[in-house]
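**Student:** Quick one: this structure, given as structure tokens, is what I'll be asking you about.
The values are calculated or read from the model by the stated rules, or taken from the named source; none is laboratory data. Just so it is clear, the model here is predicted, and its values are computed rather than measured. Here the Cβ positions follow ideal geometry from the backbone for every residue, glycine too, while neighbour counts run over all protein chains shown.
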Amino acid sequence: MNLGIPLSDWLSKLHEFHTQGSPFVVATVVSFSGSSPERHGACVFYSERQSASFVNSQSRRDHMLANCKSLLNSGLTFQLEEQALGTVAGTDNGQCIIIYETFTAADIPTWLSELRNNLEQRINTQWLRIFDPTKSEVHNQLITAQTSKRELEALGLSFNENLSSCQLIQRKDCTMFLRATLNTTVSLLLVGHHPVAHEIKRQLSGLPIIFTHVDSIEENCLGNLARPTHVVIMTGDHNLDYRYCQAALHHPAITFLGCIGSAKKARLFKSQLKQQGASTEQANRLTMPIGLSQISGKQTAIVAASVVAQLLSLHPW
């Protein structure tokens, strides 16, 4: 989540304001066009007792705090604002969209406790707030890798929206604010002793990716996955690759499944998977060939770099 402060600090601040027992408002920069000193997700907190700001521009900070105070006294649950960023050298310098959200003085809500627990356990979670303009209440929904497609569709979301970093979604009947995954550290299981696998392991050093490399063949290694994990298979054995891919397709914790191989091998695997009962949607979860298509080199180090780049591209860092 691209907040102006570390996510753990942001959640702690949200918890702190809840524990003070007074209503409060959080104002968040949802998006901007043009030049801005703010990061996407920069925010301020305001209550009658205290305030906290994580906005760089003093004039914008003062403006947002004044609006927070006004909203707190209005009884509204949320408010949207398009704010001009000012002019530079006589030219229009763009605008930003700010969402103001009110929070009641109720006890610590269940969703906040779950968010904090999931962060500690490195469970990728997204927090969806649904504002109905015809009602005063706000619906809070947590979304994880275990949230079904049917549940998302019931909320009016697509999978692409579920992957957003910090997005405002406006529909005719409501406004939704989707905050990004809590944990930007990628969990990776690398299976196999292919030379590319060892090179990937070397290149991962220093990157925010927690990985396990199983180079000896352990047929049951997929069964031990508890948290959302990307799995990359490259055993060097065609039949073993297939067995791992078949087992991984139905594992609820696997968020990305990639396997080394050619386009011909991919067609064969997907055809076999369908013949053995997998749906087209399930078979298409398999990414093969793995790596970014723009990188065409076949050398071990280049293929490994392409795979690492693809893994990094899956996350809103």
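**Student:** On the basis of being surrounded by 16 or more Cβ atoms within 10 Å (Cβ to Cβ) and over 23 Å from residue 68 (Cβ atoms), does residue 119 make the cut?
**Tutor:** Working: surrounded by 16 or more Cβ atoms within 10 Å (Cβ to Cβ): yes; over 23 Å from residue 68 (Cβ atoms): yes.
Taking the combined requirement at face value, the residue satisfies it.
**Student:** Any residue at all in segment 211-220 that is of a type in the set (A, V, I, L, M) and surrounded by fewer than 20 Cβ atoms within 10 Å (Cβ to Cβ)?
**Tutor:** Taking every residue of segment 211-220 in turn, at least one turns out to be of a type in the set (A, V, I, L, M) and surrounded by fewer than 20 Cβ atoms within 10 Å (Cβ to Cβ).
**Student:** Restricting to strands (runs of 3 or more DSSP E) lying wholly in segment 40-157: which have 3 or more residues that are in contact with an Asp or Glu (Cβ under 9 Å, 6 or more places away or on another chain) and farther than 25 Å from residue 15 by Cβ?
**Tutor:** Answer list for segment 40-157: 95-103.
**Student:** Show the residue pairs that are 6+ apart or on different chains and have beta-carbon atoms under 7 Å apart, the first residue being within segment 244-272 and more than 15 Å from residue 290 (Cβ to Cβ), the second being outside any strand (DSSP E or B) and of a type in the set (D, E, K, R).
**Tutor:** Qualifying pairs under 7 Å: 249/285; 253/227.
**Student:** Among what's in segment 294-314 and is among the hydroxyl-bearing types (Ser, Thr, Tyr) and modelled with pLDDT of 90 or more, pick the residue that is farthest from the chain's Cα centre (by Cα).
**Tutor:** Checking each candidate, the answer is 300.
**Student:** Residues in segment 248-296 that are surrounded by fewer than 13 Cβ atoms within 10 Å (Cβ to Cβ), assigned to a loop (DSSP other than H, G, I, E, B) and not small (Gly, Ala, Ser): how many?
**Tutor:** So the answer is 5.
**Student:** Report yes if residue 114 is at pLDDT 90 or above, under 19 Å from residue 42 (Cα atoms) and not β-branched (Val, Ile, Thr), otherwise no. Outline the logic, then answer.
**Tutor:** Working: at pLDDT 90 or above: yes; under 19 Å from residue 42 (Cα atoms): no; not β-branched (Val, Ile, Thr): yes.
No: the conditions fail for residue 114.
**Student:** Let me ask another. Of the residues in segment 53-70, how many are under 19 Å from residue 21 (Cβ atoms) and either touching a Pro at 6+ places or on another chain (Cβ under 9 Å) or surrounded by 17 or more Cβ atoms within 10 Å (Cβ to Cβ) (or both)?
**Tutor:** Residues in segment 53-70 being under 19 Å from residue 21 (Cβ atoms) and either touching a Pro at 6+ places or on another chain (Cβ under 9 Å) or surrounded by 17 or more Cβ atoms within 10 Å (Cβ to Cβ) (or both): 1 in total.
**Student:** Out of the residues in segment 130-147 that are within 18 Å of residue 256 (Cβ to Cβ) and at pLDDT below 85, which is surrounded by the fewest Cβ atoms within 10 Å (Cβ to Cβ)?
**Tutor:** Out of the qualifying residues, it is 146.
**Student:** Just name the residue that is farthest from residue 166 (Cα to Cα) out of those in segment 142-152 that are free of Cβ contacts under 8 Å to residues at least 24 places away in the same chain and among the polar types (S, T, N, Q).
**Tutor:** Applying the filter and picking the extreme gives 148.
**Student:** Okay, next question. Which of the residues spanning segment 158-193 are more than 21 Å from residue 111 (Cα to Cα), at pLDDT 80 or above and either assigned to a strand (DSSP E or B) or assigned by TED's automatic domain parsing to the domain that holds residue 255 (or both)?
**Tutor:** Selection gives 170, 187, 188, 189, 190, 191, 192, 193.
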